[in-house]
Structure formats: structure tokens, C-alpha cells
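Trainee: Please see the structure below; I have some questions.
The values are calculated or read from the model by the stated rules, or taken from the named source; none is laboratory data. It should be emphasised that the depicted structure is a prediction, and the values quoted were computed from it without experimental measurement. For neighbour counting, all protein chains shown are included, and Cβ atoms are generated from backbone atoms with ideal geometry for every residue, glycine included. Heavy atoms of the whole protein, side chains included, go into the accessibility calculation; ligands, DNA and RNA do not. Shrake-Rupley method; radii C 1.70, N 1.55, O 1.52, S 1.80 Å.
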Amino acid sequence: EKKMAIFDQFLAFAGYVVPFVFVLSIVVFFHELGHFAVGRLCGVKVDAFSLGFGPEIFAFVDRRGTRWRLALLPLGGYVKFHGDANAASASAIGGEAGSGLSAEERRVSFFTQVVWKRAAIVAAGPIANFVLAIAIFASIFYFSGRAVLLPRVESVRAGEVAEAAGFQAGDMIVSVDGKPISNWGDMQRIVQASADVPLAFIVQRGSKDVTLSVTPKLRVVDTPFGQNRIGLIGLNASSDPKDWTIQRYGVVDSISQAAGETWYVSERTVNYISGLFVGRESFKQVSGPIGTGYVAGEVAKQGFVALLGLAAILSISIGLINLFPIPLLDGGHLLYYIVEAIKGRPMTERFQEYGFRIGLAFVVMLMVFATYNDVLHLAGG
């Protein structure tokens, strides 16, 4: 019985680790593939393409000399271009870093490329994340369709702002602030993102349209990622199965819907991050690998399609974070290249080195804080 209990615990643990590694590996692989593909197009030699960090589990060298490696720690990855001092391209400006290279090696090195090529190679990683998200969402919409619930109000919760605004059971929501509403989810998203912001609703009541004004009330709700601050008005959706439909899309419409979904997730993420700086959002929602692993395990229980959806959301988040102008991240490199393009010469190696140290310290502190949050959430704190 003890052995069976240990085995059950192992299976439960694997039920979270395997989905997490699967989702993260997809996102990281496509991010690095973006760097790799554009680097190759720009004539830069790629010394290594690594999925994961640490000791190699498996590796091979292709005909162009790139070492493809699968490493033990599946918490990231990197592409190392020829001439880079390290996998972060921390010394990619020439000088002593390129003094020992031949003319041919310099020609295919990253740091000798014109600034626009270096910028394109760096930007390709985050862009690949957004492309991956659109591809995943489009595939889900095309093959599985989208569950749509009619925006019909089944009931109004007593004491909530919707009751004071005059909403009634049976109201069909037509528009919110002039935006047409065709399903309950669209309305819900607008309300959740509009805490303390007045909204103008038009509802169909019987044979006439009625205009109602309501201000969503800010509420703090617990989620697997921590506490989330959203707007609520107190409406209950229809529970009639007849109000549910599966909407099917063609290829073009699937891509259009996927682009809209990617934009929505990006906008919500940016709004959350900006809200942190003005005190509108809580740092308790910041999550790291442990929290993401827990969410991946829970989502995996809903099925493979749901797990792919999580991969798309995670891909968007990683794409956005990498665009932040923080040294060590892709956005920090892009900031250096913008300065170089304006000044006509690269920033000094010493300045870049200090910048990377600051960026590394920031990223490490963020990871420690996120992990601390994860432990508190999982411990019920």
C-alpha cells in the first residue's frame, strides 16, 4: 500500500510537470526558432540551438555546423550566434570579442552585421511568439469551432449595480458603449476590464430597445495565478442549453478571430503591467514557473485543446515580456540598437556590460519574487 501511495503521488506530480514542460517547450522552441530563422536569412552562422539549459541529454550537428541540443533543465533555451561571447549576445559589438576571428568568421558573425539585421534577428523571437499564438488559436477555431452563448440575462443578483441600473431577467444585450454584442463572453470581457468605468448598455426588452447605464464594481477574485482585480455588475448568464451554439469558421475567419484573441490577451497583459506601476493592480498575481506548472496541470485535465490554448496565452506573455527595454531581454538589445542607429556607432562594451548586469539582477529578483508568490498561493497564503 505504501508503494502504491508513492506511485500515486508520482503520477500526480507528473500530471503537472509533463503539461508544464510540454507547453513551455513549445513556446521556447518557437521563440528561439524565430531568432534562428532570421539569423540564417541574414547570413549569420548559428553555433548552437539549445532547448533547455545545463547538461546535454541529446545533441547532433547539422550540415551547416549548428549544434542542436536538448538540455536537462527545460526552463528556457537559447540560440548562440557565431562570434557571440555567450548565449545572451552580451558582447555582440566587436572589439576584443572579435579580434581573434578570421575575415570569413567575421562575415558570418552576429556582431559584424549592420544594425538593422541585428535588430531584425532579435525582434524575430518575440514576433514568433505572437505568430505561434495566432496559429494555435486559428487551429482551435478552425477544427473545434467556438462555443458561443447568447447574451441573454437569466437573472439579476440582488444588491448588485446591475439591479440598481434597471436590468431585468430576459434582457438581451445588444451593445456596450456602441460595440455590438453577439455573445455573452464579449460582454463579460468588456465589463471585467472596465472596473469603476461607466458603461452604456443597450438591451432588447420585449419589442423595444432600452438604454441602461452601469458602472462595474471592482472585485478581487482568487485565480490559479493569484488575486485578480476585475469589474462585475451582477448579471447571471442564461442556463438554457438552446442558447449555446458552436460557431464554425473558415480559414480566413479563423485567422481573423485568432488575431483578435491575441490582441485581447496582449492588451489585457499590458494593462495589467501598467496597472502595477500606478497601483491599480496587485503584485500578488505575478506568477513564476511553479504557478505556471500548477495551472498547466489543472488545464491539462480539461483536455489537449485547452492545454494548447494555455500555450498560446503563455506564448503571448513571453513575447511581450521579451520586448521590455530591459538589458538581457530582447527589448534591451533592441534599445541598444536604436541608440546605435541614432548615434551612428554602437554603445561601448563597458556600458553594455553594466546594462546586462543590471538586467540580470532585475530578472533574478523578479523570478525570486514570482516563486515566493507561487509558494504562498499553493500553500493557501
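Here is a yes/no grid of residues against (1) more than 24 Å from residue 79 (Cβ to Cβ); (2) in contact with a Phe, Trp or Tyr (Cβ under 6 Å, 6 or more places away or on another chain); (3) open to solvent by less than 80 Å² (accessible area, probe 1.4 Å):
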| site | (1), (2), (3) |
| --- | --- |
| 276 | yes, no, yes |
| 288 | no, no, yes |
| 338 | no, no, no |
| 341 | no, no, yes |
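Trainee: Still on this structure, I have one more. Could you tell me how many of the residues in the range 85-134 are among the charged types (D, E, K, R) and at pLDDT 90 or above?
Mentor: 2
Trainee: So which residues in the range 184-204 are closer than 27 Å to residue 146 by Cβ, without any contact (Cβ under 8 Å) to a residue 60 or more places away in the chain and not β-branched (Val, Ile, Thr), if there are any at all?
Mentor: Listed by number, the residues that qualify are 184, 185, 186, 187, 188, 192, 194, 195, 199, 200, 201, 204.
Trainee: Just the residues that are under 21 Å from residue 134 (Cα atoms), open to solvent by 20 Å² or more (accessible area, probe 1.4 Å) and touching a residue at least 40 places away in the same chain (Cβ under 8 Å), please, taken from the range 311-335.
Mentor: Listed by number, the residues that qualify are 313, 314, 317, 318, 320, 322, 323.
Trainee: Identify all residues within the range 290-310 that are among the aliphatic types (A, V, I, L, M), open to solvent by less than 60 Å² (accessible area, probe 1.4 Å) and closer than 25 Å to residue 125 by Cα; write none if there are none.
Mentor: Selection gives 295, 296, 306, 307, 308, 310.
Trainee: Working only within the range 151-179, note down all residues that are open to solvent by less than 20 Å² (accessible area, probe 1.4 Å), without any contact (Cβ under 8 Å) to a residue 40 or more places away in the chain, more than 19 Å from residue 260 (Cα to Cα) and assigned to a strand (DSSP E or B).
Mentor: 173
Trainee: Using beta carbons and a limit of 9 Å, which pairs, at least six apart or on different chains, have the first residue in the range 54-77 and exposed (fewer than 10 other Cβ atoms within 10 Å of the Cβ) and the second one assigned to a loop (DSSP other than H, G, I, E, B)?
Mentor: So the pair list comes out as 64/45.
Trainee: Scan the range 120-150 for residues that are β-branched (Val, Ile, Thr), within 27 Å of residue 175 (Cα to Cα) and buried (at least 17 other Cβ atoms within 10 Å of the Cβ) and jot them down.
Mentor: Within the range 120-150, 134, 140 meet the criteria.
Trainee: Name the residue that is nearest to residue 78 (Cα to Cα), counting only residues in the range 101-132 that are in contact with a helix residue (DSSP H, G or I) (Cβ under 7 Å, 6 or more places away or on another chain) and of a type in the set (Lys, Arg). Talk me through it step by step, then tell me what you get.
Mentor: Keep residues of the range 101-132 that are in contact with a helix residue (DSSP H, G or I) (Cβ under 7 Å, 6 or more places away or on another chain), which gives 106, 109-112, 115, 118-130, 132.
Next cut, of a type in the set (Lys, Arg) only: 106, 118.
Details: 106: 21, 118: 16 Å.
Here the residue is 118.
Trainee: Okay, next question. How many residues are closer than 14 Å to residue 136 by Cβ and either at pLDDT below 85 or among the aliphatic types (A, V, I, L, M) (or both) when one looks only at the range 259-310?
Mentor: Final tally of qualifying residues: 8.
Trainee: Can I ask one more? Step by step: first the residues of the range 207-252, then only those that are acidic (Asp, Glu) and free of Cβ contacts under 8 Å to residues at least 40 places away in the same chain, then the one that is surrounded by the fewest Cβ atoms within 10 Å (Cβ to Cβ). Which residue is that?
Mentor: 222
Trainee: What about residue 145, is it at pLDDT below 95 and closer than 30 Å to residue 210 by Cβ?
Mentor: So residue 145 fails the test.
Trainee: Within the range 241-355, considering only helices (runs of 4 or more DSSP H) that don't extend past its boundaries, which have at least 3 residues that are of a type in the set (Phe, Trp, Tyr) and either within 21 Å of residue 188 (Cα to Cα) or touching a Pro at 6+ places or on another chain (Cβ under 8 Å) (or both)?
Mentor: So the answer is 251-278.
Trainee: OK, next. Can you tell me which condition residue 204 does not meet? The list is (1) open to solvent by 60 Å² or more (accessible area, probe 1.4 Å); (2) assigned to a loop (DSSP other than H, G, I, E, B), and all the others hold.
Mentor: If we test residue 204 against (1) open to solvent by 60 Å² or more (accessible area, probe 1.4 Å); (2) assigned to a loop (DSSP other than H, G, I, E, B), just (2) comes out false.
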